[in-house]
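Heads up, the thing below is written out as structure tokens.
The values are calculated or read from the model by the stated rules, or taken from the named source; none is laboratory data. None of the values given here were measured: they were computed from a predicted structure. Positions of Cβ are generated from backbone atoms using ideal geometry, with glycine treated the same way; all protein chains shown enter the neighbour counts. SASA here: full protein model, heavy atoms, side chains in, ligands and nucleic acids out. Shrake-Rupley method; radii C 1.70, N 1.55, O 1.52, S 1.80 Å.
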Amino acid sequence: MSDLTGLSVSGAREGLAKGDFTSLELTEAHIAAIDAADGLNAFVSKTPDLARERAALSDKRRASGEAGLMEGIPIGVKDLFCTEGVLTTAGSHILDGFEPPYDSTVTANLWREGAVMLGKTNMDEFAMGSSNETSYYGPVLNPWRRPGDNRSLVPGGSSGGSAAAVAARIVPAAIGTDTGGSIRQPAAFTGTVGLKPTYGRCSRWGIVAFASSLDQAGPMARSVRDCAILLRAMAGFDAKDSTSVDTPVPDYEAALTGEVTGLKIGIPAEYKVDGMPGEVERLWQQGVDWLRGAGAEIVDISLPHTRYALPTYYIVAPAEASSNLARYDGVRYGLRVPGERLDDMYEKTRAAGFGAEVKRRVLMGTYVLSAGYYDAYYLKAQKVRTLIKRDFIEAFEKVDAILTPTTPTPAFAVGERVDDPIAMYLNDILTVPANMAGLPGISVPAGLSDDGLPLGLQVLGKAFDEETVLRVGHVLEGAAAFDARPDPWWRAD
Amino acid sequence: MPLDKATVAHIAKLARIEIGDADLEALTGELSGILKWIEQLSEVDTEGVEPMTSAVQMTLRRRADKVTDGNCRDKVLANVPVDADGFFAVPKVVE
């Protein structure tokens with residue numbers, strides 16, 4: 001294991017610029033590390049040949065004096081992003097063999113800035129899950145285990161493969177998507193940093209759709225600075241996404257001043273949920289103390305509809321999913337199971353192609369949109385969503401950012417919650433409200449639980465103010481000085 | 001309101017997902033449990049509240065009504081599971 005695999009994105013950028021190593025060397029080191037970590041099941045597809053080819057091209061560009069924001073830096077890509085000519089599965093059997101003839105806008109932006117793809121990371125099927133156990137390609141394992149305990153833990157989800165790969169240092173960084181917490185929750189579970197940008201900041205074009213009013217792409221890395229670098233390369237207006245917002249993309253690294261003096265940080269009373277373990281509450285208080293110590297002003301706030309965000313999500317997201325997933329019918333791409341008649345073929349294909357959680361959500365979505373129930377469920381949920389957003393708008397009249405824990409618990413064991421959908425859904429209770437309101441949020445590793453597992457703190461910000469979110473996250477990161485690492489039990493070399 | 005098996009079978013038909021009798025029972029229980037949990041939303045007073053239909057406040061952009069893409073039949077058909085001379089093929093629909 002070469003020390004090139006321990007490098008951050010900013011460290012790799014510096015080493016490449018100074019000529020200490022080439023992109024090809026950096027890429028080879030990570031290809032070897034990925035091959036030695038098959039036990040994590042973090043990848044659905046590895047693309048070493050493509051990576052070498054692109055790394056060599058990057059080295060040529062650099063030699064000719066061109067260098068993009070991510071020039072020569074290898075990354076993992078959640079298997080929800082379409083990648084030209086590379087199998088894209090969304091973690092589902094129903095997309096068997098699907099090789100998109102185009103790249104998503106976000107991945108195309110990253111390639112334009114010189115990034116190199118190492119492979120496609122494993123994920124919950126269609127991004128529906130909080131533990132990575134719903135993938136057709138099997139669960140991803142968390143690099144972290146409880147000290148002295150060999151049981152496998154989940155990495156969180158749905159971007160669990162990306163999170164596990166970053167935590168295991170087999171990629172310097174990765175990209176994910178966040179519909180209800182799918183970047184921030186796995187980041188918290190794996191001791192990594194994950195950022196969900198404002199809805200509209202990164203184009204959704206070419207990302208396999210789950211819930212279109214909530215989905216947003218974002219970076220996952222081992223530092224706040226690395227997330228800032230990645231976000232700048234990913235973001236930007238795209239005419240192909242009707243909800244992409246035409247607003248300039250700032251240099252996010254410039255926001256990392258290390259200063260929070262005078263910033264007002266809100267602490268929402270309602271995020272202290274029933275049954276929150278003492279260790280999570282203590283860490284939250286520690287975060288408050290860190291920010292106060294750094295000169296921020298702490299303000300108690302109220303977000304009264306917080307507890308309704310999750311049930312609202314479980315109407316809105318399945319409704320949108322049932323509509324988006326109607327396209328998987330065995331006609332144009334992916335799996336097809338023969339049938340006597342057309343309907344028969346549809347029904348057999350979708351029965352064989354979708355896993356249990358996807359079926360549950362499509363059926364729930366179909367029900368809440370069906371005649372006679374639309375007003376009672378879907379319209380009601382849209383109204384509650386207005387109230388959730390209003391809570392945030394009122395809070396942000398008084399504060400610049402909001403500090404909360406990312407998850408109510410640390411990572412749990414594989415299999416522990418898989419049979420209880422609602423217990424699984426409760427993972428996202430602290431992350432879902434930001435999706436409902438379209439706001440940016442970051443999870444930063446802030447400490448270890450009583451049994452030695454990472455815990456994250458979440459910073460939420462105003463729409464399109466990722467800069468303040470990153471600035472506060474950066475100060476928390478500095479104060480927490482989180483340097484714990486998982487014991488590399490998975491390493492096969 | 002708990003769902004019954006007939007309702008779940010009807011939803012499955014609408015969603016075009018074949019559900020065997022053995023799975024129907026379990027699914028009915030699971031979906032009923034989730035619905036019961038969701039129904040806590042009835043506590044929220046939403047009288048006079050506008051439904052939120054967009055995550056960002058914006059006017060949907062328009063563009064000229066003209067062809068911007070095309071001539072890529074091979075790309076469109078590149079992933080087709082069963083093709084027939086440059087068309088998508090499905091089981092016979094009209095007798």
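Identify the residue in segment A:1-30 that is of a type in the set (A, V, I, L, M) and in a loop (DSSP other than H, G, I, E, B) and, among all such residues, is least open to solvent (accessible area, probe 1.4 Å).
Looking at the filtered set, the residue picked out is A:7.
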Just give me the residues in segment A:259-280 being of a type in the set (Asp, Glu) and farther than 16 Å from residue A:480 by Cβ, in sequence order.
A:259, A:270, A:274
Top-ranked residue in segment A:444-464 [being in contact with a Leu (Cβ under 9 Å, 6 or more places away or on another chain) and open to solvent by 20 Å² or more (accessible area, probe 1.4 Å); ranked as farthest from residue A:253 (Cα to Cα)]
A:448
Close pairs from segment B:59-73: first within 10 Å of chain A (Cβ to nearest Cβ) and assigned to a loop (DSSP other than H, G, I, E, B), partner surrounded by 10 or more Cβ atoms within 10 Å (Cβ to Cβ) and modelled with pLDDT of 90 or more, Cβ under 7 Å, at least 6 apart:
B:60/A:242; B:61/A:242
For segment A:1-25, which positions are among the aliphatic types (A, V, I, L, M) and over 24 Å from the mean Cα position of the chain (by Cα)?
A:1, A:4, A:16, A:17, A:24
Out of (1) at pLDDT below 95; (2) open to solvent by 10 Å² or more (accessible area, probe 1.4 Å), the odd one out for residue A:133 is which?
(1)
Would you mind finding the one in A:45, A:104, A:58 that is open to solvent by less than 50 Å² (accessible area, probe 1.4 Å), polar (S, T, N, Q), in contact with a strand residue (DSSP E or B) (Cβ under 7 Å, 6 or more places away or on another chain) and free of Cβ contacts under 8 Å to residues at least 60 places away in the same chain?
A:58
Residue within segment A:270-288 that is touching a helix residue (DSSP H, G or I) at 6+ places or on another chain (Cβ under 6 Å), open to solvent by 30 Å² or more (accessible area, probe 1.4 Å) and within 14 Å of another protein chain (Cβ to nearest Cβ) present
yes
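Residues checked against (1) open to solvent by 10 Å² or more (accessible area, probe 1.4 Å); (2) at pLDDT 95 or above:
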| site | (1), (2) |
| --- | --- |
| B:9 | yes, yes |
| B:14 | yes, yes |
| B:17 | no, yes |
| B:23 | yes, no |
| B:32 | yes, yes |
Looking at A:403, A:430, A:457, A:387 in this structure, which one is touching a residue at least 12 places away in the same chain (Cβ under 8 Å), closer than 23 Å to residue B:52 by Cα and either assigned to a strand (DSSP E or B) or out of contact with any strand residue (DSSP E or B) (no Cβ under 9 Å at 6 or more places or on another chain) (or both)?
A:387
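A quick yes/no check of all residues on (1) more than 28 Å from the chain's Cα centre (by Cα); (2) surrounded by fewer than 16 Cβ atoms within 10 Å (Cβ to Cβ); (3) within 9 Å of another protein chain (Cβ to nearest Cβ):
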site	(1), (2), (3)
A:290	no, no, no
A:293	yes, yes, no
A:306	no, no, no
A:309	no, no, no
A:319	no, no, no
A:331	yes, no, yes
A:353	no, no, no
Determine which single condition residue A:435 fails, assuming it passes every other condition in (1) of a type outside the set (D, E, K, R); (2) outside any helix (DSSP H, G or I); (3) under 21 Å from residue A:184 (Cβ atoms).
(2)
